[in-house]
1. Over all residues in B:115-124, what is the mean tally of Cβ atoms on other chains that come within 10 Å of each residue's Cβ?
2. Report, for B:PRO40, each distance to the same residue's label point in the other copies, shortest first and in nm; define the point 7 Å along Cα→Cβ.
3. Across the residues of B:4-14, average count of Cβ atoms on other protein chains within 10 Å?
4. Would you mind listing the distances between the A:ALA122 label point and the same position in each other copy? Use 7 Å along Cα-to-C-beta, nm, one decimal, shortest first.
5. Normalised by the residues of the range B:1-92, what does the relative contact order come to in percent, with Cα pairs under 8 Å and at least six apart?
6. How many nanometers, to one decimal and shortest first, lie between the label point of A:VAL58 and those of its other copies, if labels sit 7 Å from Cα toward Cβ?
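Please treat every number below as a calculation from the coordinates, not as lab data. Predicted model only: the values in this text are computed from it and were never measured. As a convention, Cβ positions derive from the backbone with ideal geometry for all residues, glycine included, and neighbour counts pool all protein chains shown.
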Protein chains: 2
Amino acid sequence: MRLSNLADYAVVTMSAAARHCGGGRTSAAELAAETGLPVPTVQKVVSKLSAAGLLRSVRGAGGGLQLARPAAAITLADIVEAVEGPIALTACIDGDECAVDHTCSVKPHWPAVNAALRGALAGIPLTQLSKAAPREPNPSGISA
Amino acid sequence: MRLSNLADYAVVTMSAAARHCGGGRTSAAELAAETGLPVPTVQKVVSKLSAAGLLRSVRGAGGGLQLARPAAAITLADIVEAVEGPIALTACIDGDECAVDHTCSVKPHWPAVNAALRGALAGIPLTQLSKAAPREPNPSGISA
DNA sequence: GTTAAATCAGACCATTTCGTTCCGATTTTC
DNA sequence: GAAAATCGGAACGAAATGGTCTGATTTAAC
């Protein structure tokens with residue numbers, strides 16, 4: 001129920017990269033300096049993000065990386081899926097069967113839950129995360 | 001982004017226990033036989049569910065356990081919270097600070113995401129999971 | 001009152017996954 | 001042509017989880 005640290009770091013890294021979108025290329029070392037994360041960790045995150053197509057990497061000296069898509073077109077769901085794989089609470093949905101072949105009555109209900117969860121994450125674009133102050137003027141419905 | 005196996009087993013166990021609600025007491029061994037899970041695993045799950053107040057255990061010979069609340073009043077969120085702890089995607093919300101003291105711009109946005117996730121799980125009561133056939137007449141929007 | 005059985009509860013150990021780190025391949029600039 | 005800087009992948013170590021076992025407690029029966 002808690003996403004991995006890598007996914008968290010990926011969100012932070014993408015948020016930092018979004019600010020450099022206008023400036024052009026950025027390096028992993030620079031992102032590490034801005035976010036305060038270890039450089040190797042940022043490299044690993046960048047690798048996954050690049051493989052997923054969210055980040056475009058340019059090799060060579062003076063190279064760097066930049067967002068492959070506009071910040072508004074990248075959501076939390078995209079970042080999480082890039083690092084964590086498909087958004088599924090259980091492994092039985094992801095093609096892998098349960099260890100026991102019991103007639104799992106709850107198995108058919110997971111897709112709906114997964115879809116609801118993914119929808120919640122897909123509703124937060126990257127542009128929203130770049131803002132310093134969040135937009136939660138109506139916290140009444142939020143009990144967090 | 002994927003809940004632990006214990007939480008999955010807890011959901012299955014609670015679903016099985018819900019069917020025995022009318023029959024009165026049930027034992028962990030019986031639930032294990034019905035679900036196909038190992039007996040010790042069910043015992044561990046039952047322990048956590050009892051500690052959370054979702055399941056009432058009766059010690060001694062002829063004892064057993066039964067739902068502490070009506071099945072309709074128990075949701076997926078309750079079961080997940082009983083096993084996994086508070087529903088929070090990041091540890092920074094749960095009182096623990098991030099490893100780095102960077103000005104995390106995404107931190108203020110997690111509560112809204114957590115609330116949305118919890119709401120999705122709270123909308124699935126235990127009675128719904130007991131049904132053999134799920135209610136997913138419109139799988140078009142689900143890409144799982 | 002005593003014995004016996006059945007239950008849950010907690011603690012221990014092995015396994016897997018995740019996180020971190022390091023080294024190599026590739027590419028551009030001077 | 002050489003050098004420098006970058007990303008990409010692989011290996012190691014650590015932490016958390018999953019599974020298992022043994023023990024304490026309680027009830028029922030004799």
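1. Mean partner-chain Cβ count within 10 Å for B:115-124: 6.
2. 3.5
3. Mean number of neighbouring Cβ atoms from other chains: 3.
4. Result for A:ALA122, in nm, nearest copy first: 2.4.
5. Values: 102 pairs, mean separation 30.3, N = 92.
The normalised contact order for the range B:1-92 reaches 33 percent.
6. 7.3
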